[in-house]
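Participant: Take a look at this one; I'll ask things after.
The values are calculated or read from the model by the stated rules, or taken from the named source; none is laboratory data. The model shown is predicted, which means the values in this text are computed figures rather than measured ones. Every residue, glycine as well, gets a Cβ built from its backbone with ideal geometry; the counts of neighbours run over all protein chains shown.
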Amino acid sequence: MPCSIQMASQLSGLSTHVIRIWERRYGAMNPTRTDTNRRMFCEEAIRRLKLLRELTENGHRIGNVAQRPTDELQKLVDQQLQQTVSASASASTDTTPLESPHQFVDLCIEASKAYDGDKVRRVLLRARQHLGQRGMLHHVICPLIHNIGDAWQAGNLRPSHEHVATSVIREMLMTPVPGSQTAVNAPELIITTPSGETHELGAMLVAASARDLGWKVIYLGPNLPIEEIAACATTRRARAVALSVVYPERCAITEDKLRRMRQLLPEPMALIIGGRAAKGYQEQMPELNIHWAHSLNGLDQVLIQISVTR
């Protein structure tokens, strides 16, 4: 669905001023317009803006790339990423051709069993190259986290194998994509888990996805008292707070914390709750003004909705 220039700015990491200049002066794009002459940007236009931003931030002059076809821009970005991957894997002998997401996932698990964290990192970088940042998050890291958890519970992975994989996943989730930049006017999102909740991969996945959607992310780490989260959010005047709840499920103490969180935040400030245990809590408190996200896709939709409703 086409979006406004303000939304295009948030999603692309470019200011509205830069977008207008690139359109008028360099002919970088030709957005559609409404009856009232408002610019509207489709998904392909957002993709093009992101590619142009990444290229210019890595040394290309906008005048040299502005009118190139989008596929050609993608090739230039891929070449830059390949150089990054090659530099980090110069001593690697990885030659396995990889195309589908499940192949990336399987190879990461194999590398974890061999305690080869460097190989896990190289595979994830290759996944980012082939699938893009969002494709890697949705189709590789998400299933990888679930598969690792299932394999550990089934006894097919040792705790040390799991630690090798998750340490690299944490690194990938918290490291911004090379060349990425958050717009000055980006909405701000506070991300953490409530006290007693020590599982943080879900929260870190939220941080990576929100950052890719153009949000300014403040990640507070896991296991933080509700009062501290509220203090940070109100001081920063954040647009939203996102909490991840994985365990325990349907716990009266956790439910009380989530209710208290909603009470402490200003009413206009959005509260997003996701994670494996979120569905049970939604059923226990459907009356509260809370956005519930039961998947990464669901989270993305919530973030987009919040960013355009204010």
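Participant: Just a yes or no: is a residue in region 162-170 outside the structural domain of Ser209 (by TED's automatic domain parsing), more than 30 Å from Glu54 (Cα to Cα) and in contact with a helix residue (DSSP H, G or I) (Cβ under 8 Å, 6 or more places away or on another chain)?
Facilitator: Yes, because at least one residue in region 162-170 is outside the structural domain of Ser209 (by TED's automatic domain parsing), more than 30 Å from Glu54 (Cα to Cα) and in contact with a helix residue (DSSP H, G or I) (Cβ under 8 Å, 6 or more places away or on another chain).
Participant: Which condition number in (1) of a type in the set (A, V, I, L, M, F, W, C); (2) buried (at least 19 other Cβ atoms within 10 Å of the Cβ); (3) within 26 Å of Ile145 (Cα to Cα) is the one that Ala270 fails?
Facilitator: All conditions pass for Ala270, except number (3).
Participant: Which numbered condition in (1) modelled with pLDDT of 65 or more; (2) more than 30 Å from Tyr26 (Cα to Cα); (3) not polar (S, T, N, Q) is the only one that Asp94 fails?
Facilitator: Asp94 satisfies every listed condition except (1).
Participant: Which numbered condition in (1) of a type outside the set (Val, Ile, Thr); (2) out of contact with any strand residue (DSSP E or B) (no Cβ under 7 Å at 6 or more places or on another chain); (3) within 23 Å of Lys119 (Cα to Cα); (4) part of a helix (DSSP H, G or I) is the only one that Gly202 fails?
Facilitator: Status for Gly202: all satisfied but (2).
Participant: Still on this structure, please answer the following. All but one of (1) basic (Lys, Arg); (2) farther than 21 Å from Leu11 by Cα; (3) touching a residue at least 24 places away in the same chain (Cβ under 8 Å) hold for Lys279, so report the exception by its number.
Facilitator: So Lys279 meets the others, but not (3).
Participant: Within region 143-153, does at least one residue satisfy the condition of being touching a Cys at 6+ places or on another chain (Cβ under 7 Å), at pLDDT 95 or above and under 19 Å from Asp106 (Cβ atoms)?
Facilitator: Start the filter on region 143-153 by keeping residues that are touching a Cys at 6+ places or on another chain (Cβ under 7 Å), which leaves 144.
With the extra rule that they be at pLDDT 95 or above, the set shrinks to 144.
Those still in the list that are under 19 Å from Asp106 (Cβ atoms) too: 144.
Scanning region 143-153, I find at least one residue that is touching a Cys at 6+ places or on another chain (Cβ under 7 Å), at pLDDT 95 or above and under 19 Å from Asp106 (Cβ atoms), so the answer is yes.
Participant: State all residues of region 135-192 that are in a strand (DSSP E or B) and among the aliphatic types (A, V, I, L, M); if no residue qualifies, say none.
Facilitator: Leu189, Ile190, Ile191, listed by residue number.
Participant: If we scan region 219-234, do we find a residue that is of a type in the set (Phe, Trp, Tyr) and outside any loop (DSSP other than H, G, I, E, B)?
Facilitator: Step one: filter region 219-234 for residues of a type in the set (Phe, Trp, Tyr), giving 219.
Now narrow it down to the ones that are outside any loop (DSSP other than H, G, I, E, B): 219.
Within region 219-234 (the criterion being of a type in the set (Phe, Trp, Tyr) and outside any loop (DSSP other than H, G, I, E, B)), the answer is yes, since at least one residue qualifies.
Participant: For region 235-260, which positions are within 29 Å of Thr175 (Cβ to Cβ), in a loop (DSSP other than H, G, I, E, B) and not aromatic (Phe, Trp, Tyr)?
Facilitator: Of region 235-260, the ones within 29 Å of Thr175 (Cβ to Cβ) are 235-247.
Now drop any that are not in a loop (DSSP other than H, G, I, E, B), which leaves 237-239, 245-247.
Selection gives Arg237, Ala238, Arg239, Val245, Val246.
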